[in-house]
Amino acid sequence: MATVRLIYFDGRGLGEGVRFMLAACGIEFTDIMLEERQEYEKLLEDGKLLFKQVPLLEIDGLELVQTSAIVRYIARKGGLYGHSNEESAKIDMFYEGTRDFFSYFLKIGFQDPTEVLERAKSKGLSRYLPIFDQALKKNGTGFLVGSAMSLADVGLIEALLSVTEYFGEDTLSDYPSLKAFNTMMVSQERIAAFLKSPQKKGGNTDAYVATCRKVLELDI
Ligand SMILES: N[C@@H](CCC(=O)N[C@@H](CS)C(=O)NCC(=O)O)C(=O)O
């Protein structure tokens, strides 16, 4: 089988959702972690980055960019995109909600972590935890859409793991459906294996932030 390569950084960022989806679909992949500006420039010269941005996923002879397009490709390939157009649309809605939720955590280290986490708590947790808890309760299958795991669930567990990592497991105490979802998802065989693997990245370190700034010449 051809090698699947994810070109990103040695950190979570936008790459982490791609890693989660590859793992959930049982697709082995190699993490290519950018460290130097020249590596990024070479990708540009080779015409691999349509919008001059990473993540880039090389899979099935394709060079995919734009995180949402990447995870949807993986979801369709792995059967995690519902069983009808209607289900796929609902999965999209929930998945985009998980991205808005998760985006609070992306800024850690690029902005003052205390302020980022305060904002995540006051704006993010207060909005999204009740919504996802109610959605799970209403669907009643343990999953967000239909009766099987989908892209939406993988997006949600990625966000929830950051919630419990930064704010503690007790944060979910008032949300029984979310709490049960969290327990169920982390014990799914492929997700459990991924969480223990070195491909699961830790929180944003100073080194990760510095590398992103250097390679992409960021002014944030
Ligand atoms: N909409 C794009 C955004 C990708 C993006 O902003 N990537 C950053 C790294 S996390 C990047 O490559 N920035 C370089 C630039 O925009 O010049 C996606 O979802 O993939």
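The values are calculated or read from the model by the stated rules, or taken from the named source; none is laboratory data. Note that the coordinates shown come from a computational prediction; the quantities given were computed from them, not determined experimentally. As a convention, Cβ positions derive from the backbone with ideal geometry for all residues, glycine included, and neighbour counts pool all protein chains shown. Ligands, DNA and RNA are stripped out before the accessible areas are found, and what is left, the full protein with its side chains, is counted by its heavy atoms. Shrake-Rupley method; radii C 1.70, N 1.55, O 1.52, S 1.80 Å.
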* Residue under evaluation residue 13, criteria (1) surrounded by fewer than 17 Cβ atoms within 10 Å (Cβ to Cβ); (2) at positive phi, criterion not met -> (1)
* Is it true that residue 143 is closer than 26 Å to residue 26 by Cα, of a type outside the set (Val, Ile, Thr) and part of a helix (DSSP H, G or I)? -> no
* If you check residue 210 against the conditions, is it without any contact (Cβ under 8 Å) to a residue 40 or more places away in the chain and within 16 Å of the ligand (Cβ to nearest atom)? -> yes
* **Residues of the range 95-109 classified as open to solvent by 40 Å² or more (accessible area, probe 1.4 Å) and among the aromatic types (Phe, Trp, Tyr), total** => 1
* Taking the condition loosely packed, with under 14 Cβ neighbours inside 10 Å and either in contact (Cβ under 8 Å) with a residue 12 or more places away in the chain or of a type outside the set (Val, Ile, Thr) (or both), does residue 92 pass? -> no
* Structure fact -> Within the range 144-153, residues surrounded by 14 or more Cβ atoms within 10 Å (Cβ to Cβ) and farther than 17 Å from residue 96 by Cβ come out as 146, 148, 149
* **residue 167 vs. criteria away from the ligand (no atom under 16 Å from the Cβ), closer than 22 Å to residue 104 by Cα and surrounded by fewer than 21 Cβ atoms within 10 Å (Cβ to Cβ)** => yes
* Asked: From the list 200, 123, 196, 179, which one is touching a Leu at 6+ places or on another chain (Cβ under 8 Å), of a type in the set (Lys, Arg) and modelled with pLDDT of 95 or more?
  -> 179
* For residue 200, all conditions in the list (1) surrounded by fewer than 17 Cβ atoms within 10 Å (Cβ to Cβ); (2) basic (Lys, Arg); (3) assigned to a helix (DSSP H, G or I) hold save one; what is the number of the exception? -> (3)
